[in-house]
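S.K.: The structure's right below; bear with me while I get my questions together.
Laboratory data are not the source of any read-out in this text; all were calculated from the coordinates shown. Given the structure is predicted, the values throughout are model-derived calculations rather than measurements. Virtual Cβ from ideal backbone geometry, glycine too; neighbours counted across all protein chains shown.
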Amino acid sequence: NIVVIATRNEGKVKEFESLFGPKGYKVRSLADYTELPEIVESGTTFAENARIKAQIISAHLHVPVLADDSGLCVKELDGAPGVYSARYAGESATDADNNAKLLQALSEIGSSEGLPAEVGHPKLLSEAAYVCALALIDPVANEIIEAEDSCKGYIIAEHRGESGFGYDPLFYIPALGRTMAELTVEEKNEISHRAKALRLFLDRLPDQNES
Ligand code: ITT
Ligand code: NA
């Protein structure tokens, strides 16, 4: 059993492998194919961009394709970077560039005054949420299945942890006393927006055979 995911993000691939592996699925990503059509993420919502990615790749490969569009919405920044999370600091921005840009944006609005630092926690700069929209398109049956969920946390001023990807070193979860980057992939998959969206998604799949 193979699940094709329309992503070039290795961090996402690693998490999906950990989620799908125990179910007996092998994950393929865009890195496993050549001469793919160009994807332009022109949507204004996560759901729209997930559909665009699944549509372009499934139409090309003629097999069902799952896509993930996700991002970070920061309350003090009115929801930015949102759907622009991957390219917040520019088209070819690295995760480090994007994290620096996020801390710069929060320091410019002086948000560090906003939230009281609690004993035992780092200084919290803003409430935030990760959002993940999933779309599976079956180009032969002409069917689509979608799901979306989120995960709440806070942005902190210092980088903590080496795991995960993207904004994880700055995304702090008070209940755990750790950032997302201080969790193993298994721990992240217990709470993340991606894992929660995937659970909703799997509940919506028809013909689910209970094992
Ligand atoms: P694909 O489109 O090829 O899947 P991408 O990285 O461009 O890769 P998105 O357009 O969905 O994917 O942007 C997602 C960005 O949001 C990602 O690059 C991170 O900056 C951020 N992000 C999403 N999920 C995250 C997570 O679990 N941990 C940290 N950052 C995350
Ligand atoms: Na996107």
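S.K.: Could you name the lysines whose alpha carbon sits less than 21 Å from that of K188, not counting residues in the same chain fewer than 8 places away?
M.R.: Filter leaves K12, K14, K23, K26, K152, K196.
S.K.: Along the charge dipole of the range 6-156, pointing to its positive end and built from +1/-1 on Cβ of Lys, Arg, Asp and Glu, which listed residue (G11, A47, S85) has its Cα farthest out?
M.R.: Result: G11.
S.K.: Let me ask something else about it. Can you figure out the FRET efficiency of T44 with N1, using R₀ = 41 Å and their beta-carbon distance, to the nearest 0.05?
M.R.: The computed FRET efficiency comes out at 0.75.
S.K.: Please report, in whole Å, how far the alpha carbons of the range 1-79 spread along each principal axis, starting with the longest.
M.R.: Principal extents (Cα only, largest first): 43, 29, 17 Å.
S.K.: Also, quick follow-up: Calculate the FRET efficiency for R8 and H62 from the Cβ-Cβ distance with a Förster distance of 22 Å, rounded to the nearest 0.05.
M.R.: Result of the calculation: an efficiency of 0.60.
S.K.: Near K101, which aspartates and glutamates are there with a Cα under 19 Å away, not counting those fewer than 8 places off in the same chain?
M.R.: Hits, sequence-local ones excluded: E76, D78, E91, E113, E127, E158, E162, D168.
S.K.: Arranged from highest to lowest average of other beta-carbon atoms within 10 Å per residue, in what order do the peptides 140-150, 169-179 appear?
M.R.: Working: 140-150: 14.8, 169-179: 18.9.
Ranked from most to least packed, the peptides come out as 169-179, 140-150.
S.K.: Further question on the same structure: I'd like to compare 158-164, 82-88, 19-25: which one has the highest average count of other Cβ atoms within 10 Å, and what's the full order after that?
M.R.: So the peptides 158-164, 82-88, 19-25, ranked by packing, come out 82-88, 158-164, 19-25.
S.K.: Counting only residues 5 or more places away or on other chains, whose amide H sits under 5 Å from the amide H of L125 once H atoms are built in the peptide plane?
M.R.: Amide H neighbours of L125: I155, I156, A157.
S.K.: Mind jotting down the three principal axis lengths of the range 86-174 based on Cα atoms? Whole angstrom, largest first.
M.R.: 54, 30, 26
S.K.: Once the mean 1/r over all distinct Cα pairs of the chain is inverted, what Kirkwood radius in angstroms do you read off?
M.R.: Computed over Cα pairs of the chain, the Kirkwood hydrodynamic radius comes out at 17.8 Å.
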